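Only one structure is covered here, and it is reproduced in the block below.
The values are calculated or read from the model by the stated rules, or taken from the named source; none is laboratory data. Since this is a predicted model, take the numbers as computed values, not measurements. Backbone-built Cβ (ideal geometry, glycine too); neighbour counts: all protein chains shown.
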Amino acid sequence: MSVTVSIVVPIYNVERQLPRCVESLLAQTYKDLEILLVDDGSADSSGALCDAYAKQDGRIKVFHKENGGVSSARNLVLPQATGTYLLFLDGDDALDPDTVEKCVAAAEDGDFDVVCFGYHHYLEKATGAVELLREDPKTPCDLAKADLLSRFSDLTRAGLFDFITDKLFRLSLIRENHLQFDSYFNMGGEDGVFMLGLLPHLSNLRVVGDCFYRYFRREGQSATLSFRKEKFDRYYKRLELTYSFMKENDCLDESFLCEIFCSNILWVYDSLFPETCRLSFHERKQFLKTAFEKPELYPGFFASALAYANEKDFGDASRGSRKALVWILQKKYARLFFLHRLQLLKIHRFHLFKRR
């Protein structure tokens with residue numbers, strides 16, 4: 001039996017946060033929905049909690065699988081969804097109670113393929129207390145197919161295409177075009193890659209000004225700065241896919257590609273310095289020597305990126321990080337290793353001081 005809205009929730013080791021998530025769905029003012037909970041091999045009681053909720057409400061369906069990441073969890077249940085529309089929610093987040101009602105109304109008022117909305121950002125402290133950090137609304141507008149492609153870089157900068165949890169989708173578009181999530185991007189980026197596959201098939205998109213999604217960041221948690229050796233490989237692969245998308249859809253913007261490339265280098269380089277990075281100096285040196293050696297997107301791309309890096313103010317990036325970016329693009333690794341050694345010495349002295 002079909003419903004109007006299917007809500008897909010991948011779940012992994014979120015036993016403390018899961019009640020908040022599921023109860024926000026059960027509290028929706030719009031009742032014609034199904035809730036697809038995917039336990040992605042949780043080692044805590046998350047799976048048992050899912051089963052308990054399914055016994056309480058017949059709209060909840062539970063799927064258990066071996067751990068494979070958020071992409072595989074979503075892909076598992078996409079064929080099972082019966083809704084006209086589709087929402088995605090992460091297992092440690094929540095939705096405002098009128099989210100589904102207002103999104104369906106916005107979609108049906110004009111027959112829109114996608115409805116996009118904003119976020120509430122919360123900090124969940126170790127004590128269990130929750131603090132609202134900010135709200136991130138989007139500027140309301142209606143976008144036709146031509147706008148989505150011709151304004152791709154500006155709309156991406158405005159935060160419209162990086163995530164899927166801030167959108168209601170027409171499910172038939174995903175099904176008819178055989179779209180899935182790419183499990184290669186298991187360190188972030190899978191949402192943006194999914195949107196690259198979907199955008200050419202959209203007829204339109206509506207942006208509403210409401211903030212519906214409740215995003216919770218746990219204290220001490222930062223996916224952006226957590227270091228993994230493969231992170232830049234994933235970033236660069238997404239950049240290659242973005243370049244191919246822009247070429248195919250006649251919306252090439254070289255400045256945008258340089259911006260993303262340089263920002264990616266900064267994110268990965270800066271992730272070498274926090275306390276959470278456990279690499280030795282030799283390991284960090286080897287990483288810096290090899291990680292950023294990639295084939296050019298097109299002839300002259302690295303020269304364009306260097307020119308961009310020399311001219312652009314990267315806002316919160318430290319002067320040392322900006323200088324490192326230029327040296328990486330110039331392949332002046334001897335200078336970079338010296339800077340890196342100084343940075344590690346600062347960290348070492350800081351920890352010696354703390355021990356005293």
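For the subset of region 41-75 comprising residues that are hydrophobic (A, V, I, L, M, F, W, C) and in contact with a strand residue (DSSP E or B) (Cβ under 6 Å, 6 or more places away or on another chain), which member is surrounded by the fewest Cβ atoms within 10 Å (Cβ to Cβ)? Checking each candidate, the answer is 54. What's the number of the condition residue 110 fails, among (1) of a type outside the set (S, T, N, Q); (2) in contact with a strand residue (DSSP E or B) (Cβ under 9 Å, 6 or more places away or on another chain); (3) outside any helix (DSSP H, G or I); (4) surrounded by 14 or more Cβ atoms within 10 Å (Cβ to Cβ)? Of the numbered conditions (1) of a type outside the set (S, T, N, Q); (2) in contact with a strand residue (DSSP E or B) (Cβ under 9 Å, 6 or more places away or on another chain); (3) outside any helix (DSSP H, G or I); (4) surrounded by 14 or more Cβ atoms within 10 Å (Cβ to Cβ), the odd one out for residue 110 is (4). If you filter region 224-260 down to residues that are within 16 Å of the chain's Cα centre (by Cα) and polar (S, T, N, Q), you find that the one that is surrounded by the fewest Cβ atoms within 10 Å (Cβ to Cβ) is 224. For residue 153, the criteria (1) of a type in the set (Gly, Ala, Ser); (2) buried (at least 16 other Cβ atoms within 10 Å of the Cβ); (3) at pLDDT below 95 hold in every case but one, which is (3).
Determine which single condition residue 244 fails, assuming it passes every other condition in (1) without any contact (Cβ under 8 Å) to a residue 24 or more places away in the chain; (2) in the same structural domain as residue 125 (by TED's automatic domain parsing). Result: residue 244 passes all but (2).
Between 304, 271, 263, which is more than 19 Å from residue 332 (Cα to Cα) and either surrounded by 12 or more Cβ atoms within 10 Å (Cβ to Cβ) or more than 26 Å from the chain's Cα centre (by Cα) (or both)?
Testing whether each residue is more than 19 Å from residue 332 (Cα to Cα) and either surrounded by 12 or more Cβ atoms within 10 Å (Cβ to Cβ) or more than 26 Å from the chain's Cα centre (by Cα) (or both) leaves just 271.
Residues in region 317-344 that are hydroxyl-bearing (Ser, Thr, Tyr) and in a helix (DSSP H, G or I): 321, 333.
Has region 93-112 got any residue that is under 27 Å from residue 256 (Cβ atoms) and more than 21 Å from the chain's Cα centre (by Cα)? Within region 93-112 (the criterion being under 27 Å from residue 256 (Cβ atoms) and more than 21 Å from the chain's Cα centre (by Cα)), the answer is yes, since at least one residue qualifies. Only residues that are farther than 30 Å from residue 283 by Cβ, surrounded by 14 or more Cβ atoms within 10 Å (Cβ to Cβ) and either modelled with pLDDT under 95 or not hydroxyl-bearing (Ser, Thr, Tyr) (or both) were counted across region 202-223, and they come to 11.
Here is a yes/no grid of residues against (1) under 30 Å from residue 24 (Cβ atoms); (2) part of a helix (DSSP H, G or I); (3) in the same structural domain as residue 159 (by TED's automatic domain parsing):
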position: 205; (1), (2), (3): yes, no, yes
position: 214; (1), (2), (3): yes, no, yes
position: 268; (1), (2), (3): no, yes, no
position: 276; (1), (2), (3): no, no, no
position: 286; (1), (2), (3): no, yes, no
position: 294; (1), (2), (3): no, no, no
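The residue pairs whose first member lies in region 269-290 and is under 9 Å from residue 340 (Cβ atoms), whose second member is of a type in the set (S, T, N, Q) and modelled with pLDDT of 85 or more, and whose beta carbons are closer than 8 Å, counting only pairs six or more residues apart or on different chains, do not exist in this structure. Here residue 182 meets each of (1) part of a loop (DSSP other than H, G, I, E, B); (2) over 25 Å from residue 90 (Cβ atoms) with one exception, condition (2).
Condition check: farther than 19 Å from residue 313 by Cβ, small (Gly, Ala, Ser), buried (at least 17 other Cβ atoms within 10 Å of the Cβ) and assigned by TED's automatic domain parsing to the domain that holds residue 312. Does residue 280 satisfy that? In short, no.
For residue 74, the criteria (1) touching a residue at least 40 places away in the same chain (Cβ under 8 Å); (2) touching a His at 6+ places or on another chain (Cβ under 7 Å) hold in every case but one, which is (2). In region 119-150, the qualifying residues are those that are part of a loop (DSSP other than H, G, I, E, B) and not hydroxyl-bearing (Ser, Thr, Tyr), and the one that is surrounded by the most Cβ atoms within 10 Å (Cβ to Cβ) is 138. Six or more apart or on different chains, Cβ under 8 Å: which pairs go from a residue in region 125-142 that's over 13 Å from residue 207 (Cβ atoms) to one that's aliphatic (A, V, I, L, M)? Could you list them? Listed pairs, sorted by first residue: 130/123; 131/123; 133/123.
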